[in-house]
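The values are calculated or read from the model by the stated rules, or taken from the named source; none is laboratory data. Since the model is a prediction, treat every value here as computed from it, not as a measurement. Methodologically, a virtual Cβ is constructed for each residue, glycine included, from the backbone with ideal geometry; neighbour enumeration extends over all protein chains shown.
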Amino acid sequence: MNKNKNIVLNKNITRSPQMDPIIWSKLPPEILEYILSFLPLKTFFNLRSTCKSFWSLIFSPSFITKHSSSSSPFSSFLLLSHPQFHRHFPLYDCTLAAWRNISLSLSDSLHYNSSSSPTLTTSLVSSGGLFCITDSSSCSLLVCNLLSKLSRKIEYPSFVFHIEHLTFVTTPNGYTIFVLCTQSQSSSSSDSAFVYDSNMLSWTKFESFDPILSANHHQQGIFYKGGLFFATPEPFSVVRFDLKSGKWDRNIGELPNQVTFIRLVSDGKGKLYLIGGVGNNGISRSIKMWEMSEEWNWIEVEVLPEFMCKKFVSVCYHNYEHVYCFWHEGMICICCYTWPEILYYLVSRRTWHWLPRCPSLPMKCSCGFKWFSFVPKLYALV
């Protein structure tokens with residue numbers, strides 16, 4: 001008899017009582033906002049399609065005030081693009097130091113159909129939680145926020161041109177798109193620079209640009225002190241484009257001797273770094289890092305350990321045109337278009353590391369590896 005009573009009691013205890021809908025409907029908004037802040041990234045992506053009240057709550061002024069600060073509930077990610085993934089991007093969670101078992105898809109996130117999907121092979125760049133995609137089929141650019149699923153289509157200026165270089169940078173007040181292009185008018189063609197300001201919603205044309213920049217398609221310009229800085233191919237130099245005046249400044253800082261390649265990275269907080277190989281006859285014997293001083297001089301700050309340098313140089317086959325660098329949440333990432341791993345420098349600890357290979361990537365893969373920094377920001381405006 002007692003045994004039967006225990007069974008009945010256990011059933012009553014484990015049975016989940018249904019909450020009264022009237023009680024749920026009276027849940028205070030501040031409590032609901034607090035609950036939403038703990039949702040994982042994948043759930044947050046799909047939340048706004050649940051009901052209109054959730055959509056309006058997420059974008060309410062009080063929710064934005066509480067959750068648009070630097071203490072974001074989302075992790076930061078490194079995204080890997082490769083033809084094998086068919087427009088899906090595996091995510092490496094830098095907070096957990098592990099690959100996530102989900103992947104992002106631009107087409108799914110933006111509700112594209114097969115007839116309107118942008119040509120991703122043309123150009124895809126990221127900055128500040130936003131992506132900028134060139135759509136060659138419609139002669140336009142698409143700026144999108146994957147988290148809010150908002151996007152803006154930006155038409156090219158009113159004449160046809162071929163993009164040679166695209167830089168996309170976000171600032172506290174919006175974003176800037178910088179393109180170097182070959183402009184076609186009738187039977188003649190000329191080279192020009194165009195700058196798009198998201199605050200003005202318009203393009204500004206500048207008549208001339210430094211033509212040697214178009215040789216490297218993998219590296220963006222680096223935003224630093226009101227201008228875009230570029231590392232040029234041989235003869236190596238650092239040049240600056242002033243975003244307000246449209247003027248070029250050449251030979252910024254005297255470069256170190258015997259460099260075999262150079263790349264630029266900025267932390268976005270006032271520091272500009274130069275990463276480069278040092279050697280003879282185009283062969284790097286070491287890889288070093290320099291920091292720009294207040295006097296516009298390059299000061300050596302780090303040297304890549306020899307055994308890591310040998311591996312990086314070997315995977316590049318001394319073809320440094322395929323090398324590109326970017327900043328990601330306290331890391332200086334050095335990548336190669338022909339290799340699936342990232343070499344990165346952790347600034348806070350002053351240590352070098354290799355990022356583990358993506359487990360979903362087939363062992364035999366050709367070149368085409370492109371990495372992106374993705375820091376989800378729900379309120380990054382397009």
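Here segment 361-382 is the region considered, the condition is being among the charged types (D, E, K, R) and either buried (at least 19 other Cβ atoms within 10 Å of the Cβ) or touching a residue at least 60 places away in the same chain (Cβ under 8 Å) (or both), and the residue that is farthest from K271 (Cα to Cα) is K370. Looking only at residues of segment 347-360 that are surrounded by 13 or more Cβ atoms within 10 Å (Cβ to Cβ) and of a type outside the set (F, W, Y), we find that the one that is nearest to L304 (Cα to Cα) is H353. Scanning segment 226-274 for residues being small (G, A, S), over 17 Å from the mean Cα position of the chain (by Cα) and not in a loop (DSSP other than H, G, I, E, B) gives a total of 3. For G268, the requirement of being at positive phi, touching a His at 6+ places or on another chain (Cβ under 7 Å) and either in contact (Cβ under 8 Å) with a residue 12 or more places away in the chain or buried (at least 18 other Cβ atoms within 10 Å of the Cβ) (or both) is not met.
Of everything in segment 201-225 that is assigned to a loop (DSSP other than H, G, I, E, B), at pLDDT 90 or above and of a type outside the set (K, R), the residue that is nearest to the chain's Cα centre (by Cα) is G221.
Candidates in segment 326-347 are the residues that are at pLDDT 95 or above and either among the hydroxyl-bearing types (S, T, Y) or outside the structural domain of S198 (by TED's automatic domain parsing) (or both); of these, the one that is farthest from L272 (Cα to Cα) is Y344. All of (1) part of a helix (DSSP H, G or I); (2) within 18 Å of V238 (Cα to Cα); (3) aromatic (F, W, Y) hold for W296 with one exception: (1).
For (1) surrounded by 16 or more Cβ atoms within 10 Å (Cβ to Cβ); (2) within 30 Å of Y344 (Cβ to Cβ); (3) under 13 Å from the mean Cα position of the chain (by Cα); (4) at pLDDT 75 or above, each residue gets a yes or a no:
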site: S105; (1), (2), (3), (4): no, yes, no, no
site: S114; (1), (2), (3), (4): no, no, no, no
site: G129; (1), (2), (3), (4): yes, yes, yes, yes
site: T134; (1), (2), (3), (4): yes, yes, no, yes
site: L141; (1), (2), (3), (4): yes, yes, no, yes
site: S148; (1), (2), (3), (4): yes, yes, no, yes
site: F168; (1), (2), (3), (4): yes, yes, yes, yes
